[in-house]
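Colleague: Below you will find the structure I want to go over with you.
The values are calculated or read from the model by the stated rules, or taken from the named source; none is laboratory data. Please read all numbers here as calculations on a predicted model, not as lab measurements. Note that we place each Cβ from the backbone using ideal geometry, even for glycine, and neighbour counts take in every protein chain shown. The accessibility values were calculated without ligands, DNA or RNA, using every heavy atom of the protein model including side chains. Shrake-Rupley method; radii C 1.70, N 1.55, O 1.52, S 1.80 Å.
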Amino acid sequence: MATPRQPFTFGRRSLLAALGAGAGSLLATQLPYASVRGQMRTIGYPFTLGVASGDPLPDGVVLWTRLAPNPLVEDGSGGIGGDSVPVQWQVATDEGMRNVVQSGTVIATPQFAYSVHVEVSGLLPARVYHYRFTAVGAESPVGRTKTAPALGDRPDRLRFAFASCQHYEQGLYTAYQRMAGEDLDLVAFLGDYIYEGGVTPGNAPRKHNGPEIISLADYRNRYAQYKLDPHLQAAHAAFPWIVTPDDHEVENNYANDVPQDPAEMSAFLTRRAAAYQAYWEHLPLRASSLPMGPNAQFYRRLIFGDLADFSILDTRQYRSDQPCGDGIKPLCTEALDPNGTMTGPQQESWLLYNLASSRARWNVIAQQTIMASLQTRNAGGMNVYGLDSWGGYPAARTRILSTLDAIGTANAVVITGDIHANFAADLKLNFDDPNSRTVGVEFVGTSISSGGTGSDANPVFENARNQNPWVRYHNNRRGYVRCDLSRDVWRADYRTVAFVNQPDAPAITAASWAVERGQPGLKPA
Ligand code: FE
Ligand code: CA
């Protein structure tokens, strides 16, 4: 349990930290501007939520910001109100923004909470660029991004970090403070960017701004609250991100159109539509991921030369309902249903096609819940499984793992979030037979902050360690996983922070694991 700390306020103090010295006068200044219809208005500094970039291609990247001079105003508008606002953007080769190579103007509209998504193209592959926005007479912070290598390139190296689960009230974002100081090409975020619930006052290291969120305005303000954090802003400004949602971007453990609470069934798709819209509005996603009502295309493939091929999954929107009533339970017959699915049939075919057609050295499945079997024992001595993760969908898991085996997909690596703890596991063709072939590996990254400071090991799992011989490593601290891919070795460093209830914990490498090309299975690095 985290020890209580001084309440953290994300108001002026952290805004100043985010904006840098000299921003104070801007905050105090009301900026006059002419809106699209020519009306004069005055507002405060609009770039309070920072800048971001994402989904790098060889010739471009998405640039993101949202105008929010009053980011937590109750109506979710960010405090502009009314008319659309022109926003200028610039891309330069230097941090000082002197050598501008592209620029343009987009219109921020109230329909999308004055968010801006610029899909820049025509850039050079594998290059670092810097970018900035200007609106209502104010300049945003300068962000740094990087394009992907050209499809025909043979890169020697790709460095990225992956992260998940940033429950705001449960801990500080020190992991992002440390991640922002790394030398990375990319960040992958695997779900639980926000948490939708209310919180018990007094049981949190940071203040919370309200009860469970349902409406679009509430979802928008939850994102705004999280994105005011200076360390989260710094990590977004430092690297392009690839993001995919899990459950808490909408509701805990929802499955497709089935909410956790059956009483909410009739209104659930309306809620999902609001949640997906706010997700898209606040992240550097392409227009191809723009929700149409309650549906959104979040699964996608991103390729980094012949070195890494990422299939980024959406395991919530199309899954069958958790079997056996969800929870951590023995498998009932429903769990063995061959029609059980995490991805839906269309996404599954797409994934299996990607795995069969890839020519990359490393084939990455970026997704949400733990794929390796994780057995623990209940009070009655029975084996129990987390039914919200792949443990509740063994037929779907077998279809993927047997495909990896049958088609001989090279060097498959699953990267995972959700469980708020670090694991490294060999993926067995048949988890009921620990001697069966290893067909890939899984790196499970811990949370950024969810669960609070944590401990070196979770006793529930430690007691079950000998039941899960394919799990080679476990740790229950907060942090992220840093991956360094070369042509012959994938090295994963489990970066952890010792505490998140006080600021400024250093990051350490708690463990390092490696995979060698052509030899499925983990090796200590
Ligand atoms: Fe989580
Ligand atoms: Ca989750």
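Colleague: Among the residues that make up the range 130-140, is at least one of them outside any strand (DSSP E or B) and surrounded by fewer than 21 Cβ atoms within 10 Å (Cβ to Cβ)? Spell out how you get there, then give the answer.
Modeller: Step one: list which residues in the range 130-140 are outside any strand (DSSP E or B), which gives 136-137, 140.
In the following step, the residues that additionally are surrounded by fewer than 21 Cβ atoms within 10 Å (Cβ to Cβ) were identified as 137.
Checking the range 130-140: at least one residue is outside any strand (DSSP E or B) and surrounded by fewer than 21 Cβ atoms within 10 Å (Cβ to Cβ).
Colleague: Could you count how many residues in the range 390-428 are touching a residue at least 24 places away in the same chain (Cβ under 8 Å), in a loop (DSSP other than H, G, I, E, B), more than 16 Å from ligand 2 (Cβ to nearest atom) and out of contact with any Leu (no Cβ under 6 Å at 6 or more places or on another chain)?
Modeller: Looking only at that region, the number is 2.
Per-residue answers, yes or no, for (1) touching a residue at least 60 places away in the same chain (Cβ under 8 Å); (2) more than 16 Å from ligand 2 (Cβ to nearest atom); (3) farther than 30 Å from Tyr168 by Cα:
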| position | (1), (2), (3) |
| --- | --- |
| Thr438 | yes, yes, yes |
| Ser450 | yes, no, no |
| Ala457 | no, yes, no |
| Pro469 | no, yes, yes |
| Tyr473 | no, yes, no |
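A quick yes/no check of all residues on (1) within 18 Å of Val116 (Cα to Cα); (2) at pLDDT 80 or above; (3) surrounded by 12 or more Cβ atoms within 10 Å (Cβ to Cβ); (4) not aromatic (Phe, Trp, Tyr):
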position	(1), (2), (3), (4)
Arg13	no, no, no, yes
Ala18	no, no, yes, yes
Ser25	no, no, no, yes
Ala52	yes, yes, yes, yes
Pro58	no, yes, yes, yes
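Colleague: While we're looking at this one, here's another question. Any idea how many residues of the range 255-275 are open to solvent by less than 50 Å² (accessible area, probe 1.4 Å) and within 16 Å of ligand 2 (Cβ to nearest atom)?
Modeller: Adding up the residues that qualify gives 6.
Colleague: Being touching a residue at least 60 places away in the same chain (Cβ under 8 Å) and surrounded by fewer than 23 Cβ atoms within 10 Å (Cβ to Cβ) is the requirement here; does Gln375 meet it?
Modeller: Values: touching a residue at least 60 places away in the same chain (Cβ under 8 Å): yes; surrounded by fewer than 23 Cβ atoms within 10 Å (Cβ to Cβ): yes.
So Gln375 passes the test.
Colleague: Also: Is one or more of the residues making up the range 328-341 surrounded by fewer than 17 Cβ atoms within 10 Å (Cβ to Cβ), within 16 Å of ligand 1 (Cβ to nearest atom) and outside any helix (DSSP H, G or I)?
Modeller: Restricting attention to the range 328-341, the residues satisfying the condition of being surrounded by fewer than 17 Cβ atoms within 10 Å (Cβ to Cβ) are 328, 330, 332-334, 336-339.
When the remaining residues are screened for being within 16 Å of ligand 1 (Cβ to nearest atom), the result is 328.
Pick out the ones that are also outside any helix (DSSP H, G or I) and you get 328.
Looking through the range 328-341, at least one residue is surrounded by fewer than 17 Cβ atoms within 10 Å (Cβ to Cβ), within 16 Å of ligand 1 (Cβ to nearest atom) and outside any helix (DSSP H, G or I).
Colleague: Pick from the range 440-485 the residues that are more than 15 Å from ligand 1 (Cβ to nearest atom) and among the small types (Gly, Ala, Ser): which of them is farthest from the chain's Cα centre (by Cα)?
Modeller: Ala464
Colleague: Looking only at the range 476-492, how many residues end up being over 15 Å from Ser450 (Cβ atoms) and either open to solvent by 10 Å² or more (accessible area, probe 1.4 Å) or touching a His at 6+ places or on another chain (Cβ under 7 Å) (or both)?
Modeller: Of the residues in that region, 7 qualify.
Colleague: Would you mind finding the one in Arg157, Arg144, Arg98 that is free of Cβ contacts under 8 Å to residues at least 12 places away in the same chain, of a type in the set (Lys, Arg) and more than 16 Å from ligand 1 (Cβ to nearest atom)?
Modeller: Values: Arg157 fails: free of Cβ contacts under 8 Å to residues at least 12 places away in the same chain; Arg144 fails: free of Cβ contacts under 8 Å to residues at least 12 places away in the same chain.
From the options Arg157, Arg144, Arg98, the qualifying one is Arg98.
Colleague: State whether one or more residues within the range 497-513 are more than 22 Å from Tyr393 (Cβ to Cβ) and charged (D, E, K, R).
Modeller: Yes: one or more hits.
Colleague: Taking the range 231-254 only, how many residues are open to solvent by less than 10 Å² (accessible area, probe 1.4 Å) and within 16 Å of ligand 1 (Cβ to nearest atom)?
Modeller: Keep residues of the range 231-254 that are open to solvent by less than 10 Å² (accessible area, probe 1.4 Å), which gives 232, 235-236, 239-247, 249-251, 254.
So of that shortlist, the ones also within 16 Å of ligand 1 (Cβ to nearest atom) come out as 232, 243-247, 249-251, 254.
Count: 10.
Colleague: May I ask you to list the residues in the range 147-170 that are within 17 Å of the chain's Cα centre (by Cα) and away from ligand 2 (no atom under 16 Å from the Cβ)?
Modeller: Hits for the range 147-170 are Arg159, Phe160, Ala161.
Colleague: If Val500 satisfies every condition in (1) open to solvent by less than 10 Å² (accessible area, probe 1.4 Å); (2) in a strand (DSSP E or B) but one, which is the exception?
Modeller: Going through (1) open to solvent by less than 10 Å² (accessible area, probe 1.4 Å); (2) in a strand (DSSP E or B) one by one, Val500 breaks only (2).
Residues are listed down the side, and each one gets a yes or a no for (1) within 18 Å of Pro110 (Cβ to Cβ); (2) modelled with pLDDT under 95:
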| site | (1), (2) |
| --- | --- |
| Ala263 | no, yes |
| Phe268 | no, no |
| Ala274 | yes, no |
| His282 | yes, no |
| Leu285 | no, no |
| Ala296 | no, no |
